[in-house]
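Have a look at the structure below before the remarks.
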Amino acid sequence: MVKKIFNLLLIPLILTVIVNCKKAESQKVNLAKKETTTPVKKPSNGKSVRIAVGGMITPKEGFAYYRRLLDYIGEKLDRHVEFVDRDNYAEINELLKNGEIEAAFVCGGPYVEGHKEFGMELLAAPLVYGEAVYYSYIIVNQDSPIHMFQQLRGKRFAFTDPMSNSGQLVPTYMLAMMNETPDTFFKSYIFTQSHDKAIKAVAQGIVDGAAVDSLIWEYASRTNPVFTSKTRIIKKSLPYGIPPVVVRRGLDPELKEALRQIYLNVHNDKKGREILDHMMIDKFIPIDDSAYDSIREMKAWVAKQALGKKSK
């Protein structure tokens, strides 16, 4: 069976429709603007620290504050910190796995995968709005007659990244609980590669609904609601462990502890506090691996359901 998939060409959000693809893997289309990836530089003097940004808790425009935070970390370490920008969660996991970066901001889903596959380690987690959790929001256009997730049957839907917890796993789990899959439930679906673009796609009527990170939706709603104001939340998921800061396995223990202490104390000085305020982060706190068990359980349940359907 062939499905119509929308291919978004966003500059910043000019979308063009119309591609026929096969189901399943062929539908995982990256709708982000294609850009040349800058190779990660290998430290020439052994002093550079490379930190990637993947799982953001702010929209893309918040990158400036991530850069400021990494500059702040460099000052505290007295070492050069290289900002590594990747849109794809899988790519950041690969960089950590291969030791090409030392640390990263990742989403809960990629952390679970990376911890299982190659021992990715937690360093700290942001406390946002007083919580160390976040949610998946199912959103529709403000003017949509849809008020329940079940009403999205036969509609166009936007996921974010194939490894995203809030933007892919949670809605897929919700469908599995209904004995459905994205292929059986939606008319068509797309992968926008970012929560920002999924919000815009709903606001502009390109899709009927989307699953997005609550932190990013809330940040945009508070700071620049041009698109969030044109969307409406119809479903809020259960809470999940917040996107953490992680380090690669085998990182020098002294560097790891130095990084940990900087994150845990950044809120205690004036410059650090100002940066966190712009990111709407209360502070960074320690977090335990068990905070992500609910994500593991969802992944296992969805995989079991999919295996059962294949065996029939």
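Observations
- Residue match in region 125-139 (condition: assigned to a helix (DSSP H, G or I), surrounded by 18 or more Cβ atoms within 10 Å (Cβ to Cβ), at pLDDT 95 or above and in contact with a strand residue (DSSP E or B) (Cβ under 7 Å, 6 or more places away or on another chain)): no
- Pairs, first within 15 Å of K200 (Cα to Cα) in region 58-71, second not in a helix (DSSP H, G or I), C-beta under 8 Å, six or more apart: T58/M280; P59/N224; K60/S194; E61/N224
- Residues that are buried (at least 22 other Cβ atoms within 10 Å of the Cβ), among the small types (G, A, S) and not in a strand (DSSP E or B) within region 153-199 comprise S164, S166, G167, S194, A198, listed in sequence order.
- Subset of region 78-124 that is among the small types (G, A, S), surrounded by 23 or more Cβ atoms within 10 Å (Cβ to Cβ) and under 13 Å from the mean Cα position of the chain (by Cα) - its residue that is nearest to F63 (Cα to Cα): A104
- Condition check for D87 on (1) among the acidic types (D, E); (2) at pLDDT below 95; (3) in a helix (DSSP H, G or I): one failure, at (3).
Yes or no, residue by residue, for (1) surrounded by 19 or more Cβ atoms within 10 Å (Cβ to Cβ); (2) touching a helix residue (DSSP H, G or I) at 6+ places or on another chain (Cβ under 9 Å); (3) modelled with pLDDT under 95; (4) under 30 Å from G209 (Cα atoms):
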| site | (1), (2), (3), (4) |
| --- | --- |
| I242 | yes, yes, no, yes |
| V245 | yes, yes, no, yes |
| E257 | no, no, no, no |
| L264 | no, no, no, no |
| D282 | no, yes, no, no |
| I285 | no, yes, no, no |
| A306 | no, yes, yes, yes |
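The values are calculated or read from the model by the stated rules, or taken from the named source; none is laboratory data. Predicted model only: the values in this text are computed from it and were never measured. Using ideal geometry, Cβ is built from the backbone for each residue, glycine included, and neighbour counts are taken over all protein chains shown.
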